[in-house]
4 protein chains.
Amino acid sequence: MERINVALVGAGRMGQVHGPNAARMPGLHLRYVVDPRPDAAAAMAAATGAETATLEEALADPSVGGVLVCSSTDQHLANALQAVMAGKAVFCEKPIDLDLQKALAAQPQFAGARFVLGFNRRYDPHFLALKQRLDAGVVGQLESLHIVNHDPAAPSPHFIPTSGGLFKDFSIHDLDMARWMLGEEPVEVFATASCLVNPEIGRLGDVDTARTVLKTASGKLCVISNTRRSGYGYDQRIEAFGSRGMATAGNVSRDTVQALDERGATAAPIAYAFPERYAESYRAQIAHFAEVARGIAQPRTHYAGGIAALVLAEACQQSMCEGRPVQL
Amino acid sequence: MERINVALVGAGRMGQVHGPNAARMPGLHLRYVVDPRPDAAAAMAAATGAETATLEEALADPSVGGVLVCSSTDQHLANALQAVMAGKAVFCEKPIDLDLQKALAAQPQFAGARFVLGFNRRYDPHFLALKQRLDAGVVGQLESLHIVNHDPAAPSPHFIPTSGGLFKDFSIHDLDMARWMLGEEPVEVFATASCLVNPEIGRLGDVDTARTVLKTASGKLCVISNTRRSGYGYDQRIEAFGSRGMATAGNVSRDTVQALDERGATAAPIAYAFPERYAESYRAQIAHFAEVARGIAQPRTHYAGGIAALVLAEACQQSMCEGRPVQL
Amino acid sequence: MERINVALVGAGRMGQVHGPNAARMPGLHLRYVVDPRPDAAAAMAAATGAETATLEEALADPSVGGVLVCSSTDQHLANALQAVMAGKAVFCEKPIDLDLQKALAAQPQFAGARFVLGFNRRYDPHFLALKQRLDAGVVGQLESLHIVNHDPAAPSPHFIPTSGGLFKDFSIHDLDMARWMLGEEPVEVFATASCLVNPEIGRLGDVDTARTVLKTASGKLCVISNTRRSGYGYDQRIEAFGSRGMATAGNVSRDTVQALDERGATAAPIAYAFPERYAESYRAQIAHFAEVARGIAQPRTHYAGGIAALVLAEACQQSMCEGRPVQL
Amino acid sequence: MERINVALVGAGRMGQVHGPNAARMPGLHLRYVVDPRPDAAAAMAAATGAETATLEEALADPSVGGVLVCSSTDQHLANALQAVMAGKAVFCEKPIDLDLQKALAAQPQFAGARFVLGFNRRYDPHFLALKQRLDAGVVGQLESLHIVNHDPAAPSPHFIPTSGGLFKDFSIHDLDMARWMLGEEPVEVFATASCLVNPEIGRLGDVDTARTVLKTASGKLCVISNTRRSGYGYDQRIEAFGSRGMATAGNVSRDTVQALDERGATAAPIAYAFPERYAESYRAQIAHFAEVARGIAQPRTHYAGGIAALVLAEACQQSMCEGRPVQL
């Protein structure tokens, strides 16, 4: 099997996850690292055996079959579009763009593209196993969901203004999971939120603690629980309820050691943050991208799904601001 | 310690829980059973060593110190009031009344009464342990709650018309738990619901699956998850989230046996319904009533708490009907 | 159903468990309390509504149908024999006697008696559920067992000289469980032990920490793990391994509350000691005795089983002393 | 950091674990694959970007700093010795040799060598976490251990004659874990065993189900539970008991999904076999070897430890054959 050359665009937080994964993936060869910061590009290139290049250089190389877009959020759409136009397979970190109108306007140009969107939780073995068991009827007819997504610690306040706000930046993963698990589109959204973690986040016009209720046309209900700071690690759980039972996907503990004394039982903390908790999902996502790039698999997470999640995130925002449920 | 004579009013579903508990409780003596159905009264009297009587006869006996009101819901208030007027200590099953105005109107007559309302979950050892750990600061500052209350199987549809509806009949326990755990009154309620379990319930104007979001003045959030039919037993859980962690009170399994084979692990079902799951809470509640009757304890669940939960239940109903959050 | 009058012999540690259970059991009436210590007898009688009497008086009362022998170990056999000779149904605490020869000599006189021996663990709902699942084939063909019986804290050293030693006093429960679960008699015993908890126990000629390996004719293996002091509560577990899987019965936690913070998870301690851990088994055992006394059930734990466990306990003792496996 | 060239000797079962790990390890470069079977060597070389070579060619290459010995058991010692003599750092799969006398005779030639023995469980994150917590005093003074090592399914009978028998082939891992966790050498060994899984194993003179009890000079006790076929996956657990509590390291489930219906709870199977269960330990072991090869770490598992475990395995064998405890 010949290896496909790929270029990594962006050697920042997510690039440091996806770059090494691509470099170690059988079937891929990380050929170029593109980053406007020369030091970041050079360090990633050295660690992975790649070369630094500009995006234009990388796209001009006919041996390059795929591009991993891990640039800053405001560059996602432009970089992805440029790569698609150059005929490359594209993996793009979420969100496509914070501006729904811009994302909608560009959508026709992605028609037919080999394009994988970074909704990595669909590749997580635990959530995947849950989805498979739900599809196999383990709870009978699915009726409701409870999705917990609690970050361990709040981001620095200066990230807030460019984040897109809690719903577009953070809840968007849960909105995508809701769509996937429910198997039916929400028609009503209600979101309510508070600023309990850091008052500075509130002063910047955002919230840090939210509860969202989605309802589908058939009456299925889904609650999303979000906080920017759990204080106990990266709480990532889904509970599904149906006509014959419930099924859950739970947290992963750091180790299996348990101790017991007169005061009670103690056990290890849960995985602290996304690189640890979702390591397997990131690898599986890049493996899937390799198959999409090779033309042997259809994208499991794609542009249209990114649009749909963004529409829901905007509805959450509107519901919170107007203090009422929003119909879709 | 002299035993206090008590009369049981109502030998139905809840009378069959509280009557035997009172009969076996050190400090109480079940003296009379009152029920308009002679057979039911006689059977309970025989099983507990009590005598049958009318309510008037029981209240006229000066040796009777307490009355357990377990009659049908529409008789709760009248029976309780009659017993209080006769100077007896009163235990009354929830709800005080389905009509908030009637309950409010009668409230002054309960001032100073030794009156215990049947919000039994406050006496459950698991929820009590959770409350104690929250009060001890185990999660830091409490920020949000998730309360799950799923009945194993839907009631017969002909119960629905006199039930008061899902919120007053069923969610009312959760609304009381929310008030207790939050330590702060909700100021906003949003409820949304579906009829997914039995369409007959919908034809009768009620719902069977609901999600309710409460918000307090300081921004604390509480979600209540209700269904009339879980399909997997009596799901009774609370999750509490705060500034430094989370704490949960979980389900009780029928036994501790676990098996493991190539297909996976299996374990016992959870307790199926309220008499099994809450057996200890019912005993503890009657033990508390014995202390209140004796004048050595103040009621932990009282008339005012019953009113407060009823106000919230009406707000849930209104929110659902009007499709918007209701301010309190 | 007429209630059977019973007499309690011995108002000490185990009498305080069985007396109140008999007093509250539908179908039994605790009529007499017999104890050489007048205060202990009177206190138990007052608490249960019984009268004090001598054993002779109680046995002479033709209305008495059953006797609960909870006297000191050296009186078990004499008291039980006297009651059986008087035609009463007898519940007797374990062990029948510390002297195997004495117990064997008396065995013929118990032929046909309605006699229930206090191997309470066979009535524990968790171990009973395990046994039922093993019988139903959950592990396929049973091949081996691991039995854990760890006391929370060592007894006072002055109990040691009259205890019969670790194997007869403590491991005897496990030897009975092994016989029950294995469904086949051990033919070889190896026991090795240390004195790690309290050197005073060693100076008195006993041990406090032991491991015993039993082997049956078909090659099934059973390990028993004993310590006099766990430091973490009353560890009572069984693991069963077979041709198709494993099944376990585990410890019971005091409550279901779990907390999670950055340092990890914490949960409640396990039940601390036998009155708490085995409360249900003690009630079920007396309920079974009521049925045996009434003649509607055959004893599930009987004299012959007591002898068999005693034979194994002596073999353990011999193996430990001689430093070699003992054949049976 | 310059990468160290290594040669893999043996592309069989364990070579297929260690070869790819070495190939992906930062700091190592898999240069040569040595295997007498040309196809096996070529396949591994192609998959890892290495070249095929003879052992002599690989050792003659001065750029080669390390050798991974994964040949058949009877070649371990000869291959390792040859590589050590050539001045290479050596990783060697366990056991060093099935013949204790041969291993002892060769020991002086390994003095000072950079030699890592493949007792991979010491690198497992769960057992490592347990060891760290024991060293931190989580159970107080350690008093006893229970080690469970159950293979999912028995090996083919034709593997048995060259396996060295259950104790040298299989229990040897547990004997090493016992030495590590106890922190004190056993002075007495008792082993008893049966052939319950496959009678063919018995006809070949081996056993498939064993229980071993170790005792140290200070009286610490350790039980090892072994079976060749669990029927439920790869059961790998350790329980440690001490003066103040217990601590355990448990099995790893394949995913966190749990389902609940009226019949009870179900969850995923545990990891099925060693490549899955111990994947992290194998990676960590090769990472450790890289540091040893580089001279920046002392071997955590070494030749002397291999000898010590072999001595214990022979004592187990002798105890079983002679039906008595063996003193060391």
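Selection of segment A:26-52 for residues being closer than 17 Å to A:V69 by Cα and assigned to a loop (DSSP other than H, G, I, E, B) yields A:D35, A:P36, A:R37, A:A50.
Among the residues making up segment C:284-305, those that are under 19 Å from C:K131 (Cα atoms) and not in a loop (DSSP other than H, G, I, E, B) are C:A284, C:Q285, C:H288, C:G305. Here is the figure for segment B:53-82: residues that are free of Cβ contacts under 8 Å to residues at least 40 places away in the same chain and more than 23 Å from B:I160 (Cα to Cα) total 8. Being small (G, A, S) and at the interface with chain A (Cβ under 7 Å from one of its Cβ atoms) is the filter here, so list the residues in segment B:202-224 that pass it. Within segment B:202-224, just B:G219 meets the criteria. Picking from residues in segment C:175-189 that are under 22 Å from the mean Cα position of the chain (by Cα) and within 14 Å of chain D (Cβ to nearest Cβ), the one that is surrounded by the fewest Cβ atoms within 10 Å (Cβ to Cβ) is C:E184.
B:I160 satisfies every condition listed in (1) among the hydrophobic types (A, V, I, L, M, F, W, C); (2) within 14 Å of chain C (Cβ to nearest Cβ); (3) in contact with a Gly (Cβ under 9 Å, 6 or more places away or on another chain) except (2). Using the structure shown, decide if D:N120 is surrounded by fewer than 21 Cβ atoms within 10 Å (Cβ to Cβ) and either over 21 Å from D:A315 (Cα atoms) or away from chain C (no Cβ under 11 Å) (or both). Taking the combined requirement at face value, the residue does not satisfy it.
Exactly one residue out of D:V252, D:V197, D:V213 is in contact with a strand residue (DSSP E or B) (Cβ under 7 Å, 6 or more places away or on another chain), closer than 30 Å to A:L128 by Cβ and among the β-branched types (V, I, T), and it is D:V252. Scanning segment A:17-67 for residues that are under 24 Å from the mean Cα position of the chain (by Cα) and acidic (D, E) yields one hit, A:D35.
Filtered by the rule that a residue be farther than 30 Å from A:R3 by Cα and surrounded by 21 or more Cβ atoms within 10 Å (Cβ to Cβ), segment A:269-289 gives a lone residue, A:I270. In the set (1) of a type outside the set (A, V, I, L, M, F, W, C); (2) within 14 Å of another protein chain (Cβ to nearest Cβ); (3) within 19 Å of B:I296 (Cβ to Cβ), B:P125 fails one condition alone, (3).
The condition (being at pLDDT 95 or above, within 14 Å of chain D (Cβ to nearest Cβ) and more than 21 Å from A:A313 (Cβ to Cβ)) is satisfied by just one residue among A:A113, A:A86, A:A136: A:A136. Of the set (1) farther than 30 Å from A:S225 by Cβ; (2) modelled with pLDDT under 95; (3) crowded, with 21+ Cβ neighbours inside 10 Å, all apply to B:H158 but (3).
Across segment B:111-140, the number of residues qualifying as in a loop (DSSP other than H, G, I, E, B) and under 16 Å from B:T248 (Cα atoms) comes to 6.
Per-residue answers, yes or no, for (1) touching a Leu at 6+ places or on another chain (Cβ under 8 Å); (2) basic (K, R):
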| position | (1), (2) |
| --- | --- |
| C:N251 | no, no |
| C:Y278 | no, no |
| C:R324 | no, yes |
| C:L328 | yes, no |
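When segment C:130-148 is filtered for residues that are surrounded by 22 or more Cβ atoms within 10 Å (Cβ to Cβ) and among the polar types (S, T, N, Q), only C:S144 remains. Determine whether segment C:302-319 contains at least one residue that is within 14 Å of chain B (Cβ to nearest Cβ) and touching a Lys or Arg at 6+ places or on another chain (Cβ under 6 Å). No, segment C:302-319 contains no residue that is within 14 Å of chain B (Cβ to nearest Cβ) and touching a Lys or Arg at 6+ places or on another chain (Cβ under 6 Å).
The values are calculated or read from the model by the stated rules, or taken from the named source; none is laboratory data. The shown structure was predicted, so the numbers you read here are calculated from the model rather than taken from an experiment. Cβ coordinates were reconstructed from backbone atoms using ideal geometry, including for glycine residues, and neighbour counts include every protein chain displayed.
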